[in-house]
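The values are calculated or read from the model by the stated rules, or taken from the named source; none is laboratory data. Given the structure is predicted, the values throughout are model-derived calculations rather than measurements. Cβ: placed from backbone, ideal geometry, glycine included. Neighbour counts: every protein chain shown.
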Amino acid sequence: MSINLRTVYAFAREMYPKVSKETIQYGTAGFRGKAELLDSVMFRMGVLATLRSRFREGSVIGVMITASHNPEPDNGVKLIDPKGEMLEPSWEKIATDLVNVSDQDLEQHVAKIIKDNEIDITSSSYVYVGMDNRYHSPRLLKAVADGVIALKGNVREFGIVTTPMMHFFVVAANTKEAYGKPTEEGYYDKLISAFEKLRNGQLENGNYRNRLIFDGANGVGARKMLQFNKRMNKSLNVTVINQGVGPGKINEECGADHVKVQQRPPVGMPIVEPYTRCVSVDGDADRVVYFFTDETGQFRLLDGDRIATLVAGYLMDLIQSCQLDLRLGLVQTAYANGASTDYIVNELKVPVSCVPTGVKHLHHKALEYDIGIYFEANGHGTIVFSDSSKAAISEAAKTNPKAQTLLLVIDLINETVGDAISDMLLVETILNQKGWDVKDWISSYDDLPNQQLKIQVKDRNVIQTTDAERVCVKPEGLQDEINQVVANYKRGRAFVRPSGTEDVVRVYAEASTREDVLQLAYEVGRLVQKLAGGVGPELVNPSNNAHL
């Protein structure tokens with residue numbers, strides 16, 4: 001098979017010319033931006049995915065076109081490596097360089113990638129491509145496919161799918177279907193089969209009621225939940241709102257990010273009884289949060305921290321019942337509510353690790369345990385099981401029903417990435433088996449009031465942190481000042497960290513009362529303004545009881 005790299009240049013010049021001179025960076029979420037600026041990016045990512053597949057000796061590489069929880073005019077793209085993990089960090093730089101090179105230099109740059117990585121350009125390559133339901137996604141998918149075709153790779157288009165489904169397809173293909181069939185039906189079958197076996201015909205139990213309101217964020221998750229409904233034989237009674245039909249836009253006043261940040265229900269909510277379980281996913285269905293309103297109409301959120309504690313307690317009970325010697329651990333970031341950490345360590349007796357913000361840090365740390373659980377507060381998370389833990393559980397399952405339950409949980413979980421629908425089905429399983437409603441769930445511990453601020457600074461790089469972003473080492477003296485302020489508040493905690501994307505410093509604070517946390521956040525924010533080159537208006541003191 002002969003490949004002429006002039007084809008890549010010709011495609012780019014004629015069909016996908018680079019229209020933006022701004023440098024864009026491949027980050028945790030891949031590339032994101034306004035959809036009209038992304039055609040050349042998509043084409044080049046098709047080229048890169050083809051090269052990556054050849055570099056990985058013909059393994060399937062995934063490409064997902066989505067902007068997740070971003071507004072509808074945005075889009076984005078990320079690559080999925082053979083085991084369903086995010087793109088290897090060294091190739092993130094290759095991706096960034098490839099996307100930013102001029103059309104004129106593209107052919108030469110692709111040749112350099114091939115040479116530097118010793119890629120056999122004549123070998124086979126396989127790329128799977130999927131997209132969310134934004135109106136510009138089909139155009140961008142064609143650009144990716146053309147990038148694959150330009151290098152004579154094999155492309156398989158999956159159409160509209162969730163991000164977790166794409167990860168599932170890639171792993172299923174690369175494990176020769178040991179993980180499941182790399183089709184939409186294969187995905188539904190695996191999850192529904194495990195869920196219904198765990199349900200075992202018991203639709204209600206104790207305080208648990210078989211009714212759920214599902215906010216699909218007008219995204220692809222709504223479409224796929226409707227497909228689950230058709231196949232689930234009423235084993236879970238789900239009402240899907242914000243389905244993506246009509247005038248509603250993706251993530252606009254709905255979805256997991258809106259519900260968590262705004263602390264209020266999404267638009268389109270039907271009138272329901274107090275304590276009805278409600279769930280919100282984001283635009284590409286890799287985040288999930290629960291919520292409800294009580295009898296006074298007050299909104300209550302059950303976020304990723306709550307899901308993590310529910311799952312950790314459930315798995316710990318199962319492991320102890322099986323008498324298995326397995327290390328279970330939970331991974332959090334500094335943004336996890338301090339009350340959740342106290343509950344996990346002191347009540348559940350589950351070890352906790354704290355890592356810097358970002359899914360790749362959480363996932364990497366979780367792999368160090370036999371069974372690793374991680375959930376960001378935003379609702380993105382999963383459980384990973386080591387090969388040795390799976391072998392031990394399989395052996396125990398020959399005689400122990402609780403181990404058989406654990407095996408079904410492994411099938412229900414999408415280990416590759418946070419999967420809103422899979423995670424939701426696990427939460428429903430646990431609540432059902434415990435006989436819990438949302439009132440039981442939320443009463444396991446009380447969240448500490450918390451507050452976040454964004455402080456504008458001249459240069460965010462003046463802030464440097466250590467200890468999983470919990471301690472500020474530069475500018476010198478800032479952490480000492482923060483410590484002195486925090487010491488004045490009962491159950492006080494605060495940290496500062498630079499934003500990854502803009503010249504702001506993020507402040508997080510928590511304390512025992514709402515009044516205290518507002519004051520603590522203000523005082524730490526003022527310290528940042530004074531000692532880290534703050535710009536913009538001075539923060540307003542929320543009270544006259546300042547400790548400064």
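Couple of notes before you dig in:
- Test result for Val289, under 19 Å from the mean Cα position of the chain (by Cα) and either outside the structural domain of Arg32 (by the TED database) or in a loop (DSSP other than H, G, I, E, B) (or both): yes
- Residue satisfying all of: in the range 196-226; among the small types (Gly, Ala, Ser) and not in a loop (DSSP other than H, G, I, E, B); nearest to Pro270 (Cα to Cα) among these: Ala222
- Residue, nearest to Glu36 (Cα to Cα), within the range 88-120, restricted to residues that are of a type in the set (A, V, I, L, M, F, W, C) and in contact with a Lys or Arg (Cβ under 7 Å, 6 or more places away or on another chain): Val99
- Look at (1) within 30 Å of Met64 (Cβ to Cβ); (2) more than 25 Å from the chain's Cα centre (by Cα); (3) not β-branched (Val, Ile, Thr) and you find that His380 fails only one, number (2).
- Some residue of the range 279-298 being under 23 Å from Ala336 (Cα atoms), in contact with a strand residue (DSSP E or B) (Cβ under 7 Å, 6 or more places away or on another chain), surrounded by 24 or more Cβ atoms within 10 Å (Cβ to Cβ) and among the basic types (Lys, Arg): yes
- Hits in the range 20-29 (condition: surrounded by 12 or more Cβ atoms within 10 Å (Cβ to Cβ) and either among the hydroxyl-bearing types (Ser, Thr, Tyr) or part of a loop (DSSP other than H, G, I, E, B) (or both)): Ser20, Ile24, Gln25, Tyr26, Thr28, Ala29
- Arg134 being touching a residue at least 60 places away in the same chain (Cβ under 8 Å) and part of a helix (DSSP H, G or I): no
- Elements of type strands (runs of 3 or more DSSP E) in the range 437-481, at least 2 residues being under 23 Å from the mean Cα position of the chain (by Cα): 450-456
- Residue within the range 354-362 that is under 21 Å from Leu198 (Cβ atoms) and surrounded by fewer than 23 Cβ atoms within 10 Å (Cβ to Cβ) present: no
This table checks each residue for (1) among the acidic types (Asp, Glu); (2) closer than 19 Å to Glu88 by Cβ; (3) in contact (Cβ under 8 Å) with a residue 60 or more places away in the chain; (4) in contact with a strand residue (DSSP E or B) (Cβ under 8 Å, 6 or more places away or on another chain).
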site: Leu5; (1), (2), (3), (4): no, no, yes, no
site: Phe11; (1), (2), (3), (4): no, no, yes, no
site: Glu14; (1), (2), (3), (4): yes, no, no, no
site: Glu36; (1), (2), (3), (4): yes, no, yes, no
site: Val47; (1), (2), (3), (4): no, yes, yes, no
site: Glu57; (1), (2), (3), (4): yes, yes, yes, no
site: Ile65; (1), (2), (3), (4): no, no, yes, yes
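- In the condition set (1) outside any loop (DSSP other than H, G, I, E, B); (2) in contact (Cβ under 8 Å) with a residue 12 or more places away in the chain, Gln404 is compliant with all but (2).
- Hits in the range 51-69 - residues which are more than 19 Å from Pro182 (Cα to Cα) and hydroxyl-bearing (Ser, Thr, Tyr): Thr66, Ser68
- Single condition Tyr369 does not satisfy, out of (1) assigned to a loop (DSSP other than H, G, I, E, B); (2) touching a Lys or Arg at 6+ places or on another chain (Cβ under 7 Å); (3) surrounded by fewer than 20 Cβ atoms within 10 Å (Cβ to Cβ): (3)
- Residue in the range 240-252 that is of a type in the set (Val, Ile, Thr) and part of a strand (DSSP E or B) present: yes
- Where Phe168 falls short, out of the listed (1) closer than 19 Å to Phe31 by Cβ; (2) at pLDDT 95 or above: (1)
- Annotation note: of Val524, Val496, the sole residue that is in a helix (DSSP H, G or I), surrounded by 19 or more Cβ atoms within 10 Å (Cβ to Cβ) and not assigned by the TED database to the domain that holds Thr28 is Val524.
- Within the range 172-195, tally of residues that are surrounded by 17 or more Cβ atoms within 10 Å (Cβ to Cβ) and assigned to a loop (DSSP other than H, G, I, E, B): 3
- Applying the set (1) over 23 Å from Ala172 (Cα atoms); (2) touching a Ser or Thr at 6+ places or on another chain (Cβ under 9 Å) to Leu407 leaves exactly one unmet item: (1).
- Single residue of the range 64-115 satisfying the filter (acidic (Asp, Glu) and not in a helix (DSSP H, G or I)) that is farthest from Thr162 (Cα to Cα): Glu88
- Some residue of the range 80-91 being under 14 Å from Gly147 (Cβ atoms) and either in contact with a helix residue (DSSP H, G or I) (Cβ under 7 Å, 6 or more places away or on another chain) or not assigned by the TED database to the domain that holds Gly153 (or both): no
- Just one residue in the set Val110, Val155, Val127, Val148 is aliphatic (A, V, I, L, M), surrounded by 18 or more Cβ atoms within 10 Å (Cβ to Cβ), under 25 Å from the mean Cα position of the chain (by Cα) and assigned by the TED database to the domain that holds Tyr26; that residue is Val127.
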